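The values are calculated or read from the model by the stated rules, or taken from the named source; none is laboratory data. All values reported here derive from a predicted model rather than from experimental measurement. Note that each Cβ is placed from the backbone with ideal geometry, even for glycine, and that neighbours are counted across all protein chains shown.
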Amino acid sequence: MVLEPIFPAILSVRRIPHADPALLRAYGADPEHHASLGLVTCDQDDPMYVALDEATKHADVDVVFARSLYAGAAHSSGRLSGEILGVVAGADPQNVDDGLEAVRRCLDHDACFYGADAGGTVTVFPHVITSLGRYLSAESGLAPGEPMAYLVAPPLEATLALDAALKAADVRAAKIFPPPSETNFASAWLTGTLDACEAAAMAYAAAVVDVASRPHG
């Protein structure tokens, strides 16, 4: 099975070196510990969540705001809005710069959706995080450093693929997000050993490819 990568595009990156306390609080930051914000938009939301988690492993930042935008990048509110806004906060601008650089590296070289058919009309995100950072560990209820399979696909494909993934390896569901998400997909976070997470992700991707090639079974 060969999946064609669909690389995410970072649409905008800006910094607020000394943010107003009211703004910090509004976006979930703590003015007692945070002074600077880094804002980034991207045309793929789930890779961005992974990249924000990666930032917490390489910089002294917290992910204070991360939210998918309704209907997806094709229906965004503006040219630079994309599919998600992510915000990291740190005590000083250098912390934020380090965090944003980690986000960029992850989106450029690691996390992306894949086309499950020749035209890329069906996409899948069968991503394995080898070691969770502070952000997604808190969101998933897992411990930092644990592996996690982060699995996303369109609604029907995701449902069949999740069943296949759970049966293919010794994994358990940390969280399941039935459809529709804000972008009209569905997703799940599975955990187990790293080998088990990788096997589950492969089974998930294979099931999505199968549905894409045989939509009526």
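Points worth noting:
- With a requirement of 3 or more residues that are among the aliphatic types (A, V, I, L, M), the strands (runs of 3 or more DSSP E) lying completely within the range 1-44 that satisfy it span 10-16, 36-42.
- Out of Val88, Val61, Val50, Val96, one residue alone is in contact with a strand residue (DSSP E or B) (Cβ under 8 Å, 6 or more places away or on another chain), within 21 Å of Val152 (Cα to Cα) and of a type in the set (Val, Ile, Thr). It is Val50.
- Subset of the range 190-217 [touching a strand residue (DSSP E or B) at 6+ places or on another chain (Cβ under 9 Å) and of a type in the set (D, E, K, R)]: Glu198
- Qualifying residues in the range 1-52 (those that are more than 20 Å from the chain's Cα centre (by Cα) and within 30 Å of Ala118 (Cα to Cα)) - the one modelled with the highest pLDDT: Val2
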